[in-house]
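Notes to accompany the following structure.
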């Protein structure tokens, strides 16, 4: 059975895949915001908060509830602050099976 977080992420992924290069966001009740963007090959994920930087525990929780297998991540986690919001970013390339 999937968790609420898995369902939220699934919805973000679906929307992002249907409309390439447009970020889709969801603010969670605990203040964490998840942004997902898809460019046709890669998925870009951004976690953010207003009050403090997202923690590694939050990052791991998001990965643990990711609704599909993650391929190799090809970017390191980056952290930035911009206009009072603190971001943690990473991305991964989707693996497409060729039959």
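The values are calculated or read from the model by the stated rules, or taken from the named source; none is laboratory data. Please read all numbers here as calculations on a predicted model, not as lab measurements. As a convention, Cβ positions derive from the backbone with ideal geometry for all residues, glycine included, and neighbour counts pool all protein chains shown.
Given the condition in a strand (DSSP E or B) and out of contact with any strand residue (DSSP E or B) (no Cβ under 6 Å at 6 or more places or on another chain), answer yes or no: does some residue in the stretch 25-39 qualify? For the stretch 25-39, residues in a strand (DSSP E or B) and out of contact with any strand residue (DSSP E or B) (no Cβ under 6 Å at 6 or more places or on another chain): present. With respect to residue 56, determine if the residue is at pLDDT 85 or above and surrounded by 10 or more Cβ atoms within 10 Å (Cβ to Cβ). For residue 56, the condition - at pLDDT 85 or above and surrounded by 10 or more Cβ atoms within 10 Å (Cβ to Cβ) - is met.
Any residue in the stretch 39-54 that's at positive phi: show its pairings with residues that are surrounded by fewer than 21 Cβ atoms within 10 Å (Cβ to Cβ) at Cβ separation under 7 Å, as long as the two are six or more apart or on different chains. Note: pairs meeting the criteria are 40/20. Restricting 30, 21 to residues that are at positive phi and more than 10 Å from the chain's Cα centre (by Cα) narrows the list to 21.
Does any residue of the stretch 7-17 turn out to be surrounded by 10 or more Cβ atoms within 10 Å (Cβ to Cβ), assigned to a strand (DSSP E or B) and either modelled with pLDDT under 90 or in contact with a helix residue (DSSP H, G or I) (Cβ under 8 Å, 6 or more places away or on another chain) (or both)? No, there is no match, as no residue in the stretch 7-17 is surrounded by 10 or more Cβ atoms within 10 Å (Cβ to Cβ), assigned to a strand (DSSP E or B) and either modelled with pLDDT under 90 or in contact with a helix residue (DSSP H, G or I) (Cβ under 8 Å, 6 or more places away or on another chain) (or both).
Can you name the condition, by its number, that residue 68 falls short on among (1) within 13 Å of the chain's Cα centre (by Cα); (2) at pLDDT 95 or above? Single failed check for residue 68: (2).
As a summary of the residue check, residue 78 satisfies the conditions (1) touching a strand residue (DSSP E or B) at 6+ places or on another chain (Cβ under 7 Å); (2) at pLDDT 90 or above except for the one numbered (2). Taking the stretch 33-53 as the range and being under 13 Å from the mean Cα position of the chain (by Cα) and surrounded by 16 or more Cβ atoms within 10 Å (Cβ to Cβ) as the test, the residues that pass are 33, 34, 35, 36, 37, 38, 43, 44, 45, 46, 47, 48.
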